[in-house]
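The values are calculated or read from the model by the stated rules, or taken from the named source; none is laboratory data. In this text the structure is predicted, and so the values were computed from the model without any measurement. Note that each Cβ is placed from the backbone with ideal geometry, even for glycine, and that neighbours are counted across all protein chains shown. These accessible areas exclude ligands, DNA and RNA; they are computed on the full protein's heavy atoms, side chains included. Shrake-Rupley method; radii C 1.70, N 1.55, O 1.52, S 1.80 Å.
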Amino acid sequence: MIRNEPKITPELVAQHGLKPDEYERFRNLIGREPSFTELGIVSAMWNEHCSYKSSKVHLRTLPVSAPWVIQGPGENAGVIDIGEGLACVFKMESHNHPSFIEPYQGATTGVGGILRDVFTMGARPVACLNALRFGDPSHPKTRSLVAGVVAGIGGYGNSFGVPTVGGSIGFHSRYDGNILVNAMAVGIAKTDSIFYAKASGVGLPIVYLGSKTGRDGIHGATMASAEFDENSEEKRPTVQVGDPFSEKLLLEACLEIMRKGCVIAIQDMGAAGLTCSAVEMGAKGDLGVTLDLNKVPTREEGMSAYEMMLSESQERMLMVLKPEKEKEAEAIFRKWGLDFAVVGHTTDTLRFIVQHGGDEMANLPIKELGDEAPEYKRPFTEPKKLPVLDPASVPAPSSIGDALKKLIGSPDLCSKRWVWEQYDHLILNNTVQRPGGDAAVIRIENGPRALAMCTDVTPRYCEADPFEGGKQAVAESWRNLTAVGARPLAVTDNLNFGNPERPEIMGQFVGCVRGIGEACRALDFPVVSGNVSLYNETQGRAILPTPTIGGVGIIEDLGKSASLAFKAEGETILLIGETKGWLGQSSYLATVIGKEEGAPPPVDLALEKKNGDLVRALITGKLVTAAHDLSDGGLLVALAEMAMASGIGAKLDAPPAGLPAHAYWFGEDQARYVLTATPANLAAIEARAKATGIILTRIGATKGKELTLPGEHPILVQALHALHESWLPAYMAGPAG
């Protein structure tokens, strides 16, 4: 036993999140009892957050390639070719557990971590997005969690200097004890200047860069791989502390030494810090790594090898540098006021050796640390199929107008302006479409080309039917990109679920992954990066299955894009797609009736592609003046959003005979869009729809300042806007939780 290290006991092994058989597997792998530091290292490498041991067997089924994919899953971020010598680099990751325990710091470090994943690849970040889920608004903690998370996201992104341009927010009691904070970052790089984590060359310097190492975040990855209990508040010390100003310096220093040709390999220190970054760099390059922890810059006295290896202090990088460029790189980092220390070197031994204070604290086989991690084919049960609800069996509201008002003023469908106005969404001067639309749009360099991006998921659908819910999350992302005129290119995912050791939860995961895979294949929309977050539950109560999809697409000419706002009076309103009035798991059923019942709407992927391709062609052909996809709340909510965005009203036609009015206005049938067009273009649009066999219906015209429905009192758009905007500010102004 190494001096000053505790004896390994079954209790200590359990505290590190290793099951007895996993510990025995590790002990057999190294042929002896591990040291305390080695136990810490393997607990970091083999936990769920880092090893994907419960999920990777299913993740391998996802489509990950296309002619435009430069780098799929397996690196810090995914990379796609966007033409003209440029690449888009993007990824989404979760910071759920830390954000529940310490919402401000949990959210800030979630944003900081995902930004590092992007600029580690050599890209300059151009945008951030997020997907947030909170508990019931009446829960005593919800308000303070919303306030802390939003302040943390804004505080980091605004200070770092990258616009936060989009996202999604929802509320449900199933997130009462475990909120979700999914952060996405998007960057742009040159296609011939992408950097990877794979080390190459023997005897080369391994350099530690960035901020000093402290005791914050120790066991952060392990904590993220366990469900919460009544003592979760005690885990505050495992939440990292972020410094966006240091990260900005780190970004500029890294991009500068990359331009100078100093870098062979680079890996940011994220989950499990120095451990994962060093092991991954060496293992990917079939090399060994020796670290001398005496040379690691620390900000606290007397840190042990164990603490240094597991610290998740933020704003740190590990690099393998070209030896002849070492002095030049050091000068650049010193110029930016950052630490630069040679802490080790590459070897040909395939061993991971950690030295500290004259002792060898760890000596492990480097490849096997990753390759021999457990891989589970956990048992799962298929969810029961729920009945299809007959629209006529769902109670009608007292009036369609009253139901609309309730929906657009509800926690899920109300305006989230209170949130996004705390984010600087205009910094860098490239934001073309700000938050609140179908997808955010960011100009590429000086234009006219642009990137479109969004985050989507409907957890109610995924709970009711994981397979259809997984398909729908991808399809909605594809539709949102299409609705602004973008060609969808690829997705990143963030798969948030409960305890995979429960067969019903594993069944949700498997079903959603199957649905995502089928949709991505059908829509030619590959998965290039992502994250799995499991054990999102508290005392046995799991979150709703929430497989968030972050989509990215390309707009070739901003002059041929679209937004959802009505543009002028006297234009015809068109509905693309068939309306059957699907109310199972709909927002109408949940919010107006107070029930979550029935099967969710099925997703016809061939129809999604056909309808979406027509909509995109109409937008790029400048035949339509506005476009909006239909999702939560159905047709009338979409029309209300278009009216509120412009202040222009609409006179709408009656529903088709035989379909209950509330099913027509609020049904959530998929593969649908609302478009507006001038009378001059109607014949051309209808001819294209007819030629491709797509259902297109004239449903009204833009007119006045009211929404007018047959048999209903006109609704002032201004009154709708006031309802839409008021719920969240009023809620957040209430008493602190």
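See the values below:
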read-out	value
Test item: Cα-centred dipole of the chain, Lys/Arg +1 and Asp/Glu -1 on Cβ, debye	1380
Within the range 520-628, chymotrypsin sites (Phe, Trp or Tyr not before Pro) in DSSP loop having at most 16 other beta-carbon neighbours inside 10 Å	none
Förster radius 22 Å - calculated FRET efficiency between R259 and L428 (Cβ-Cβ, nearest 0.05)	0.70
On Cα atoms only, tilt of 244-259 relative to the major axis of the chain in degrees	80
Sparse-neighbour loop sites [trypsin sites (Lys or Arg not before Pro); the range 336-382; at most 10 other C-beta within 10 Å; DSSP]	K377
Potential lengthening between Y376 and K560 on full extension [0.36 nm per residue; Cα-Cα distance subtracted]	61.4 nm
Percent RCO, i.e. relative contact order, over the range 86-139, from Cα pairs under 8 Å lying at least 6 residues apart	30
The chain: angle of helix 605-620 to the longest principal axis, Cα-based, in degrees nearest 10	80
Candidate lysines for bridging to K416, where Cα separation is under 25 Å - those fewer than 8 sequence places away on the same chain excluded	K91, K141, K405, K406, K567, K595, K705
Surface per residue (accessible, 1.4 Å probe) for the chain, Å²	34
Scattering profile of the range 71-182 at q = 0.11, 0.13, 0.18, 0.20 Å⁻¹ [log10 I(q)/I(0), Debye over alpha-carbon scatterers]	-0.38, -0.51, -0.86, -0.99
Most to least packed among 107-119, 709-721, 506-518, 20-32 [average Cβ atoms within 10 Å]	107-119, 506-518, 709-721, 20-32
222 nm mean residue ellipticity, helices alone, for the chain (DSSP H n ≥ 4; -39,500 (n - 2.57); rounded to 500)	-10000 deg cm²/dmol
Diffusion constant of the range 1-91 at 25 °C, which comes from Stokes-Einstein with the Kirkwood Cα-pair radius and 0.890 mPa s, µm²/s	151
The range 629-698 - percent relative contact order, Cα under 8 Å, separation 6 or more	41
Options V263, G74, M453, ranked by Cα towards positive dipole end of the chain, top entry (Cβ charges)	M453
Degrees between helix 273-284 axis and first principal axis of the chain (Cα, 0 to 90, nearest 10)	90
Aspartates and glutamates with Cα under 14 Å of K19, excluding same-chain neighbours fewer than 8 positions away	E11, E48, E375, E501
Fraction of accessible area attributable to carbon and sulfur, the range 559-712 (%, probe 1.4 Å)	53
Sparsely packed GluC sites (Glu not before Pro) within the range 252-350, loop by DSSP, other Cβ within 10 Å at most 15	E300, E301
Reach of K325 by Cα under 19 Å, taken over lysines that are not fewer than 8 positions away in the same chain	K198, K260, K335
Peptides ranked, highest mean first, by Cβ atoms within 10 Å: ranges 685-692, 549-556, 447-454	549-556, 447-454, 685-692
D_trans [Stokes-Einstein, Kirkwood Rh over alpha-carbon pairs] for the range 343-460, 37 °C, 0.692 mPa s, µm² s⁻¹	148
For the range 71-229, size of Cβ-based charge dipole, Lys and Arg +1, Asp and Glu -1, in debye	260
Furthest towards positive pole of dipole, P488, S477, N499, structure part the range 464-506, Cβ charges	P488
Packing-based order for 46-59, 623-636, 78-91, 419-432, using average beta carbon neighbours within 10 Å, highest first	623-636, 78-91, 46-59, 419-432
